[in-house]
1. Could you count how many residues in region 7-32 are modelled with pLDDT of 95 or more and in a helix (DSSP H, G or I)?
2. Filter region 139-175 down to the residues that are more than 15 Å from the chain's Cα centre (by Cα) and either without any contact (Cβ under 8 Å) to a residue 24 or more places away in the chain or within 22 Å of residue 206 (Cβ to Cβ) (or both) and list them by number.
3. Give the residue, chosen from 55, 63, that is within 16 Å of the chain's Cα centre (by Cα) and free of Cβ contacts under 8 Å to residues at least 40 places away in the same chain.
4. Which numbered condition trips up residue 123, out of (1) within 16 Å of the chain's Cα centre (by Cα); (2) modelled with pLDDT under 95?
5. Only residues that are more than 14 Å from residue 67 (Cα to Cα), modelled with pLDDT of 95 or more and not in a loop (DSSP other than H, G, I, E, B): list them for region 153-179, please.
6. On the given criteria, is residue 119 in contact with a strand residue (DSSP E or B) (Cβ under 6 Å, 6 or more places away or on another chain) and not in a helix (DSSP H, G or I)?
7. Quick one: in region 33-50, which of the residues that are outside any helix (DSSP H, G or I) and touching a helix residue (DSSP H, G or I) at 6+ places or on another chain (Cβ under 8 Å) is surrounded by the fewest Cβ atoms within 10 Å (Cβ to Cβ)?
8. Give me a count of the residues in region 195-212 that are assigned to a loop (DSSP other than H, G, I, E, B) and out of contact with any strand residue (DSSP E or B) (no Cβ under 7 Å at 6 or more places or on another chain).
């Protein structure tokens, strides 16, 4: 039987950032999060996209960004949904052993989404629209948007927890960690209003890198 790892034990397994984000990137991700969450809540009722599939997409995003706290939280959620330790470990290490053929393109999109810091290529999104359908692709994108917002806040949170245990990330500072955490709390209400106004005006809840390179 595998020993359950606590959040405190999880965050100290990393001693440096895999990826680091700015306060502007955090705010921008929060703007897209409310409508993304709304779509995922509706999907929980309609089951248009399987919840296990959504969880695998979010694990793929987390693997690219390297958020220890998010990895811990989504590991617990995935275990409750019935995913095996081996399957979860594969996704969190970037492996493809447990990737279902019919989900492979979406998993690759999730990795690309994270790698592009939340601004995927338009042609990459078009490819999953073609593969899964417009509504399904919108849910896939929403899952990635929610996860990267969580990662951007969870990464400095993980670094701060590790610092409290006497193991600060070697490429971090207390100023950065507290600055991001406090800024995230203060900017969230503004970002929610910003996102709501975008929807009211008719702007889509997405933004792409339309360059061809």
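The values are calculated or read from the model by the stated rules, or taken from the named source; none is laboratory data. This one's a predicted model, so the numbers in the text were calculated from it and none came from an experiment. Note: ideal-geometry Cβ built from the backbone for every residue, glycine included; neighbour counts use all protein chains shown.
1. Total satisfying the criteria: 10.
2. 160, 163, 164, 166, 168, 173, 174, 175
3. It is 55.
4. For residue 123, the exception is condition (1).
5. Selection gives 174, 175, 176, 178, 179.
6. So residue 119 passes the test.
7. Across region 33-50, the extreme among qualifying residues is 48.
8. The number of residues fulfilling the criteria is 9.
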